[in-house]
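Read the figures in this text as sums done on the coordinates, not as results from a lab. Since the model is a prediction, treat every value here as computed from it, not as a measurement. Cβ sites come from the backbone with ideal geometry, for glycine too, and all protein chains shown count toward neighbours.
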Amino acid sequence: MLYAKILFAPVAAGVLESLDTRAAEAMPGVEAVHVITEPGGRITWAGQEIAAVAATSEEVAKEALGKIKAVYRPERPQMEDTDPAKAEGRERVRTEGDPDGAFERAAAVVEGRYGLAAVTHCCLEAHGQVAEFREGELYVWCSTQNVSGYAGQLAEVAGLPASKIHVDCQHMGGGFGSKFGADRWGIVCVELAKRTGRPVKLMLERDQELMIAG
């Protein structure tokens, strides 16, 4: 079995200017390095996945992450207060879909201001899984609240129909609504298992749980 770890962006907004994985790839025990965010790509949250390593032990995988050279160009993150964000001279960071058009076409519009403090589920068992390809099918052992829907979320990266993906979750150490998706780390785990032809285990660390896992 191989063990995978992920390098996460330390900045909340900016650009990944360069990424050098050669030293990590050359390390004994490293079986694969997977680039998730390409150089030139935008960073839109602290904890965005940059690259992942699969190695013969967790210790080797962690050491390999330290050899990856990532250079970031930080930018000012979006304002938390909507009023300064709308001030003169401020530009919208990005737009998905047609929100302005949706408001114009709506039969009724209700306006209000809502806020919510950050909430961390902090499950006793971290998010993660083991993935293994066998004879053209994928087997996944994971901590999930969504066994029936999990296979469909991995079908594209696995290159298989959901009917050939077997999901096993005998026990789950807490979820509280945060374990319904395969999430990017689950997809990365499958990608590494596919590339190496070996079973791969990827579990988030406790600090990573607090940073990105709900």
Check: Where does each of Cys142, Cys122, Cys189, Cys169 land when they are ranked from fewest to most other beta-carbon atoms within 10 angstrom?
Finding: Cys122, Cys169, Cys142, Cys189
Notebook entry, point to check: For Lys62, Lys179, what ranking results if the residue with the fewest other Cβ atoms within 10 Å of its Cβ goes first?
Noted result: Lys62, Lys179
Note to self: Between Glu25 and Thr120, what is 0.36 nm times their sequence separation minus the Cα-Cα distance? Round to one decimal in nm.
What the structure shows: 30.8 nm
Next item on the list: State the dimensionless ratio Rg/Rh of region 123-214 (Rg: radius of gyration of Cα atoms; Rh: Kirkwood radius).
Entry: 0.95
Item checked: Linear extension gain, Tyr139 paired with Gln170, 0.36 nm per residue minus alpha-carbon span -> 9.8 nm
Notebook entry, point to check: Can you give the calculated 222 nm mean residue ellipticity of the chain, where each DSSP H run of n ≥ 4 adds -39,500 (n - 2.57) and the sum is split over every residue, rounded to the nearest 500 deg cm²/dmol?
Noted result: -7500 deg cm²/dmol
Next item on the list: Would you grab the residues whose amide H sits under 5 Å from the one on Ser143? Only those 5+ places off in sequence or on another chain, please, with H modelled 1.01 Å from N.
Entry: Gly128
Item checked: Highest-fluctuation residue, Ala26, Ala106, Ala54 considered, GNM on the chain with Cα pairs under 10 Å -> Ala106
Check: What is the order of Lys194, Lys164, Lys5, fewest Cβ neighbours within 10 Å to most?
Finding: Lys164, Lys194, Lys5
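Which of the three applies to region 1-77, rounded, prolate or oblate, going by the alpha-carbon gyration tensor with a ≥ b ≥ c and a/c under 1.5 meaning rounded?
Taking the square roots of the gyration eigenvalues as a ≥ b ≥ c, region 1-77 is prolate.
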Check: region 104-163: which GluC sites (Glu not before Pro) are DSSP loop and have at most 15 other beta-carbon atoms within 10 angstrom?
Finding: Glu111, Glu125, Glu135
Notebook entry, point to check: Where the centre of each part is set by its Cα atoms, how far does region 16-72 sit from region 128-158, in angstrom?
Noted result: 23
Item checked: Amide N of region 42-62 lying under 20 Å from the label point, which is placed 7 angstrom from the Cα of Arg73 along Cα→Cβ -> 42-51
Next item on the list: Mind putting a number on the dipole of the chain about its Cα centre? Charges go on the C-beta only, +1 for Lys and Arg and -1 for Asp and Glu, and I need it in Debye to the nearest 20.
Entry: 300
